[in-house]
Amino acid sequence: MEYENTLMNQSLFQQLKEYSASDYYPFHMPGHKRQSFGNDSWLSEIFSIDITEIHGFDNLHQAEGILKESMEWAAKCYGADESYYLVNGSSSGILSAVCGCTSRRGTILISRNCHKSVYNGILLNELKTEYLYPQILESLGIQGGILPEDVEKKLKENPKIQAVVIVSPTYDGMVSDIEAISKIAHQYGVLLLVDEAHGAHFPFGKKGKFPVSALEKGADIVIQSLHKTLPSLTQTAIIHMNKSFLNEEKRNRVKQYLSIYQSSSPSYVFLAAIENCIRYMSREGKEVLFQFSKELREFYHKCNSLKHILVAENGWIGNAGIFDKDPSKIILYTGGCKKSGIWLGNFLRENYHLELEMCATQYALALGSLWDQKQGLDRLEKGLRAADECMEKNEDKGKEISWPAMKKQVFPKAFYDIWEAAESETELCRLNECEGRVSADFIYLYPPGIPCLAPGEIISKEMILLLCQYKEMGLTVYGIQESQGFYIKVLKKIQKRAETRREL
């Protein structure tokens, strides 16, 4: 591979360093002029390679030189027909894919557990939305996968759907049957977009038996956040496109939106980090990921003896729409002993200085990556064993939690499309007085950023109870304003216009 040979001696990062060491004087942006200030040596190194689109370094939004070659090389590494670097995170790729693959005020089918960036794309393109609800893994009370038959049912019912958006893996590492879903979507002439933000390591993990990437399962567009699971800088991501079903017109529209939703002054530090990450993963990173997979299996095996905390590697595959499970997403289930994941997160932080990715009601989530050290997994196992013993002896008399509302999903009904609600006059309403009102804002748990309510949806009594419970449990709920009570932004007036009102 020609560019791969070039990378041996002339990677983008190396060329930036060479240019920094040259005597070229910068009468151009950025304003730091490749000079540092203060006493931070690490910042000096970053400034020295932070440039703009100058001669010889190409232009991300109209790549014809080194960036074009780099992205073509990346596409070959991943097995995609086209790949493009993202410096505004996977959100910019998702926005571009959603807007590029649908017409304005068209119809889109999305899994309800999609990231808020999908909903932002719906808002921007004024789309009508149909929802797929993930299955619930009853034993844990967490979301599983999307059933292919549910996708087919929706496509049969609504021939106006232009694209399907699935998040796989989920924030918890659950993978849907993308191959079956892609075949169904294509059978109905519809594009499949997969938010694989949490699965950027999949293409490099075959030896370690990680799930197969959606790229190999027939998806038309796949977006991955490199920084989430691979050694790259925060905000770096990549979008892949396959040509077999995605025509040139749609590909060009996606590329056009990439130039809209990304900065017109892309960071070359980010671009170099993306290329360096892919280079590493395409070579020695694969073996490092394989060794990590062995350490993970050993960790799961050790945790089998825990009495109160369930740490299962792949025992849920085949249930609740779960086609596969990413073992690096370590689910620490505490619901069986009536201790919350929040309690476990606090215990591990205070006693073992372990900071988890997310702590919820009946479980906590620890994210692993190939650069985790064995001593880190050993410390986590030791901390879990101590927490387990604490539960056994009932040494902690903290408040126990009941989970009835967490074991079921609440399905909001839409009165308006998201964009219609966003353009309407609003007012604040106390949460416990919102029953029957129409939400004017996104209400979502963060992490992972999945909406409980979207603009235009009716606020039910069940939803109010659920949101109150989230707040009582100490979870972070965005969209609820706190000022002498809990308030939600709702529509001030509801106009029952026949041409825009959604059927209930």
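The values are calculated or read from the model by the stated rules, or taken from the named source; none is laboratory data. Because the structure is a prediction, the values reported are computed rather than measured. Cβ placement follows ideal geometry from the backbone for every residue including glycine, while neighbour counts extend to all protein chains displayed. Keep in mind that these areas ignore ligands, DNA and RNA; they rest on the heavy atoms of the full protein, side chains included. Shrake-Rupley method; radii C 1.70, N 1.55, O 1.52, S 1.80 Å.
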Expressed in square angstrom to the nearest 10, the accessible area of Glu179 with a 1.4 Å probe stands at 70
Stretched fully, the stretch from Leu465 through Asp378 gains (0.36 nm per residue minus C-alpha distance, one decimal, in nm) 27.4 nm
Beyond 29 Å (Cα-Cα) in this structure, taken from Lys329/Lys471; Lys156/Lys209; Lys154/Lys294; Lys160/Lys206; Lys68/Lys183, we find Lys156/Lys209; Lys154/Lys294; Lys160/Lys206; Lys68/Lys183
Quick calc: nm separation of the 7 Å Cα→Cβ label points for Arg385 and Arg430 -> 5.2
Using the Kirkwood radius over Cα pairs of the stretch 104-162, the Stokes-Einstein translational diffusion coefficient at 4 °C and 1.567 mPa s, in µm²/s and rounded to a whole number, is 104
The stretch 101-241: antiparallel bridges as % of DSSP beta bridges, rounded to 5, reads 30
For Lys393, the lysines lying under 19 Å Cα to Cα, once residues fewer than eight places off in the same chain are dropped, come out as Lys307, Lys338, Lys339, Lys382
Here the Cα Rg-to-2.2 N^0.38 Å ratio for the stretch 145-200 is 1.10
Heavy-atom accessible area with a 1.4 angstrom probe orders Phe486, Phe323, most exposed first, as Phe323, Phe486
Counting only backbone N atoms under 20 Å from a point 7 Å out along Cα-to-Cβ of Asp81, the residues of the stretch 100-129 in range are 100-103
Here the gain from full extension of Tyr188 to Tyr133, 0.36 nm per residue of separation minus their alpha-carbon distance, amounts to 17.8 nm
Here, Arg104 and Asn304, labelled 7 Å along Cα→Cβ, have an inter-label distance in nm of 5.9
Both in Å, the radius of gyration and Dmax of the C-alpha trace of the stretch 189-233 are 11.2, 37
Measure of exposure for Ile166: accessible area at 1.4 Å probe, Å² rounded to 10, is 0
Taking r as the C-beta separation of Glu423 and Asn319 and R0 as 41 Å, the FRET efficiency to the nearest 0.05 is 0.45
Counting only backbone N atoms under 16 Å from a point 7 Å out along Cα-to-Cβ of Tyr446, the residues of the stretch 217-256 in range are 235
Inverse of <1/r> over all distinct C-alpha pairs of the stretch 344-388, i.e. the Kirkwood Rh in Å, gives 10.8
Here the alpha-carbon Rg of the stretch 293-340 over 2.2 N^0.38 Å rounds to 1.20
